[in-house]
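The values are calculated or read from the model by the stated rules, or taken from the named source; none is laboratory data. Given the structure is predicted, the values throughout are model-derived calculations rather than measurements. Cβ atoms come from the backbone with ideal geometry, glycine included; neighbour counts cover every protein chain shown.
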Amino acid sequence: MNGENVDPGPYRGNPAGFAIHGAIHASRGDAQCLIHTHTTAGMAVACKATGLSHDNFYGALLHGRVAYHDFEGITVRPDERVRLVASLGDKDVLILRNHGLLALGSKPAGGLPAVLDAAARLRSAGGGVRDQR
């Protein structure tokens with residue numbers, strides 16, 4: 001949970017990645033798998049003041065499941081871990097403002113990351129109904 005190698009090897013862990021993933025794995029028993037991305041569409045949504053739109057098909061599937069965490073710089077400080085966990089709460093999607101997207105679940109490759117990516121791509125490409133009025 002602290003980013004230390006379990007077995008000897010030539011590669012070291014990523015401190016920022018372990019700050020995020022370790023904090024969530026340590027606090028959420030249901031978080032067996034975390035997927036954290038920095039796609040262009042995900043970054044675009046994370047940089048929007050209004051975040052993800054819920055007025056389209058994919059966004060509506062995520063309604064009530066999305067939390068936000070304000071950008072504090074590169075996530076390497078131990079004190080941010082507490083705030084990350086508090087921001088996530090009981091949600092299974094966390095938008096890290098100006099950073100990227102995170103989805104968690106009980107197993108890898110469920111439908112949630114694909115829905116989150118589709119919602120982000122749609123939002124970054126043109127928004128939603130409210131943006132067209």
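Observations on the structure shown:
- Options PHE71, PHE18: the member that is among the hydrophobic types (A, V, I, L, M, F, W, C), out of contact with any strand residue (DSSP E or B) (no Cβ under 8 Å at 6 or more places or on another chain) and either at pLDDT 90 or above or surrounded by 15 or more Cβ atoms within 10 Å (Cβ to Cβ) (or both): PHE18
- Any chance GLY9 is under 20 Å from ASP92 (Cα atoms) and either more than 14 Å from the chain's Cα centre (by Cα) or not aromatic (Phe, Trp, Tyr) (or both): no
- Residues in region 42-84 that are over 19 Å from ASN14 (Cβ atoms) and either touching a residue at least 60 places away in the same chain (Cβ under 8 Å) or among the aromatic types (Phe, Trp, Tyr) (or both): ALA44, VAL45, LYS48, LEU52, SER53, HIS54, ASP55, ASN56, PHE57, TYR58, GLY59, TYR68.
- Among the residues of this structure, ALA120 does not count as one that is surrounded by 15 or more Cβ atoms within 10 Å (Cβ to Cβ), in a strand (DSSP E or B) and either of a type in the set (Gly, Ala, Ser) or at pLDDT 85 or above (or both).
- Selection within region 70-123 - in contact with a Leu (Cβ under 8 Å, 6 or more places away or on another chain) and polar (S, T, N, Q): THR75, SER87
- The residue of region 34-51 that is surrounded by the most Cβ atoms within 10 Å (Cβ to Cβ), among those that are part of a helix (DSSP H, G or I) and β-branched (Val, Ile, Thr), is VAL45.
- Applying the condition of being hydroxyl-bearing (Ser, Thr, Tyr) and assigned to a loop (DSSP other than H, G, I, E, B) to region 52-94 and asking which residue is nearest to ARG123 (Cα to Cα) yields SER53.
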